[in-house]
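Colleague: Got a structure for you, written out below as structure tokens; questions coming shortly.
The values are calculated or read from the model by the stated rules, or taken from the named source; none is laboratory data. Not measured: the values here are computed from a predicted model. In this analysis, Cβ positions are derived from the backbone assuming ideal geometry, glycine residues included, and neighbour counts consider all displayed protein chains.
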Amino acid sequence: MPPTKKVLLVFLPSESGVDGARSLYSEKEITPFFRWFNRSLRTLIKQSQFAIPPLSLMILSSLEVSGIEQSICDMRFEEFPWQEKWDLVGISVQTGMAKNAFALADKLRSAGIPVALGGAHVTLFAESCRPHADVLVQGEADDLWKEVLTDLAAGRLRPLYRSDSFPDLGRSRPVRKDALIKSRYFTTNLIQTGRGCQYNCDFCNVHLLNGHALRRRAVADIVSEVSRFQQDDHRIFFFVDDSINADPAYALELFQKLTPLKIRWFGQATTTLGQQQELLETFANSGCQALLVGIESIEAKSRSAHKKNQNRAGELVRAITSIREAGISLYGSFIYGLDGDTIETPAAILDFINETKLDVPGINILRPTPGTQVFERLREEGRLLFDPLDITAYRYSFGQEMLYLPKNIPLDAFIESYSALTRQVFSIKNALTRGMAAPRAKSAVMLFNLFYTHLYKLSRHDLRQQREKSPAQKTILPYAE
Ligand code: SF4
């Protein structure tokens with residue numbers, strides 16, 4: 001019998017955000033004490049409840065192929081295990097961390113270790129990944145990865161694995177958690193009920209990556225997975241679907257069947273839930289503690305400019321109030337800097353947050369992700385601030401960096417108004433008040449608000465630094481192609 005081949009699946013941290021907030025612009029220049037303080041705070045943030053395992057790697061590591069043994073390396077918590085011998089290393093590549101993924105891949109390959117790259121970035125930009133990989137996995141990998149492992153066992157790896165259709169999620173694929181070190185994470189109870197989104201928001205790549213058709217897993221499979229997960233981790237469940245109420249009849253059946261299991265759960269939904277009374281009650285009864293809703297904009301002009309059409313702005317207040325009255329806390333995510341926004345928008349956002357009593361507001365700057373419709377439009381309009389061909393420049397951050405010129409607001413005024421807004425919304429006093437007032441998950445609400453108080457302070461600092469370090473006399477100029 002040939003020896004077992006060892007495969008390592010690697011997840012890399014992003015440069016900032018929930019993986020451990022850090023300054024993107026000036027960390028090297030601050031004093032040793034602040035460097036130490038920031039490092040300690042980052043570790044605390046990671047360990048104090050925000051890190052969740054990479055679900056995609058949980059799914060892949062659950063695949064069983066004879067002659068193959070798989071493990072996971074989460075580099076948010078550990079160094080790459082160079083001392084061991086690996087027959088294949090698979091790296092999940094997101095655009096915001098592609099630079100680091102390529103650097104690791106290059107180092108591995110020069111040490112003679114074969115590398116497979118997969119993930120969103122590979123799906124959208126396969127050619128830019130080609131020089132860094134022995135194997136590319138393009139598209140949702142549920143079935144493709146099994147082919148890779150089978151071919152590895154047989155010694156006949158191919159350079160490209162891709163499929164022209166999406167995997168059938170109705171087929172049973174039990175997810176296992178044996179490859180995880182559970183104590184590292186806020187929870188290991190991650191469940192995905194389906195993929196795809198019927199909407200077409202121009203700043204989002206979900207519909208590009210997973211298609212417009214909703215694909216659902218079988219309700220019975222999910223109920224059995226929840227019941228199995230519950231036995232070895234009693235913590236909260238996180239339903240990672242972008243919109244858990246996208247198919248209301250399916251969601252109603254699922255959560256009615258989950259109610260007897262008495263779990264507590266978080267998820268993501270659209271505000272339409274406020275008008276889906278039976279589903280809303282079912283969510284609350286089945287243990288829903290908090291939901292993230294993408295409000296994005298309360299400006300009608302911005303919603304239509306970016307094809308965010310699933311809720312009319314006028315219905316938002318009523319919908320949010322209904323959800324909170326049902327006993328579910330809400331994280332509401334906004335984007336400031338959309339094409340219909342004006343200098344008056346921050347005041348309107350502030351009024352909206354106060355009126356709805358949102359438990360955790362998240363106020364983002366538009367982040368044009370390469371591959372999305374908005375990225376191409378901003379490029380055509382000459383509004384991008386970095387080289388559009390250097391797609392790794394469009395990294396992930398938490399409002400710490402301007403990547404484009406807003407349409408109706410001069411850049412300096414935009415940065416000033418964004419900074420003033422986040423200063424007003426996030427303070428220790430507001431964090432405590434919101435935590436106390438939250439319908440459920442009070443301590444999580446308080447922790448998130450405290451975390452954001454720190455993060456948005458970092459955002460104000462970095463935006464100032466970006467401006468000051470700009471070579472053109474403190475004015476950030478668009479990138480000239
Ligand atoms: S932002 Fe949400 S609703 Fe819009 S396309 Fe993306 S996943 Fe769908």
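Colleague: Considering only the range 436-453, how many residues are in a helix (DSSP H, G or I) and either in contact with a strand residue (DSSP E or B) (Cβ under 9 Å, 6 or more places away or on another chain) or in contact (Cβ under 8 Å) with a residue 60 or more places away in the chain (or both)?
Modeller: 9
Colleague: Further question: Is it true that Leu180 is more than 14 Å from the ligand (Cβ to nearest atom), of a type outside the set (Phe, Trp, Tyr), part of a loop (DSSP other than H, G, I, E, B) and in contact with a Ser or Thr (Cβ under 9 Å, 6 or more places away or on another chain)?
Modeller: Taking the combined requirement at face value, the residue satisfies it.
Colleague: Is it the case that the range 253-271 has a residue that's at pLDDT 95 or above, over 23 Å from Leu55 (Cα atoms), among the small types (Gly, Ala, Ser) and crowded, with 21+ Cβ neighbours inside 10 Å?
Modeller: no
Colleague: Among the listed residues Tyr185, Tyr199, Tyr161, which satisfies the condition of being surrounded by 13 or more Cβ atoms within 10 Å (Cβ to Cβ), among the aromatic types (Phe, Trp, Tyr) and within 16 Å of the ligand (Cβ to nearest atom)?
Modeller: Tyr199
Colleague: So which residues in the range 74-109 are surrounded by fewer than 20 Cβ atoms within 10 Å (Cβ to Cβ) and in a strand (DSSP E or B)?
Modeller: Matches in the range 74-109: none.
Colleague: Might you let me know whether the range 279-291 holds any residue that is within 16 Å of the ligand (Cβ to nearest atom) and either aromatic (Phe, Trp, Tyr) or in contact with a Phe, Trp or Tyr (Cβ under 9 Å, 6 or more places away or on another chain) (or both)?
Modeller: The answer is yes; a qualifying residue exists.
Colleague: Does Leu316 meet the test of being within 20 Å of the chain's Cα centre (by Cα), surrounded by fewer than 22 Cβ atoms within 10 Å (Cβ to Cβ), under 29 Å from Leu208 (Cα atoms) and within 16 Å of the ligand (Cβ to nearest atom)?
Modeller: So Leu316 fails the test.
Colleague: If we keep just the residues of the range 75-134 that are within 24 Å of the chain's Cα centre (by Cα) and among the hydroxyl-bearing types (Ser, Thr, Tyr), which is farthest from Tyr185 (Cα to Cα)?
Modeller: Ser128
Colleague: Please specify each residue of the range 210-248 satisfying the condition of being buried (at least 16 other Cβ atoms within 10 Å of the Cβ) and within 10 Å of the ligand (Cβ to nearest atom).
Modeller: Asn210, Asp241, Asp242, Ser243, Ala246 - these are the residues of the range 210-248 that are buried (at least 16 other Cβ atoms within 10 Å of the Cβ) and within 10 Å of the ligand (Cβ to nearest atom).
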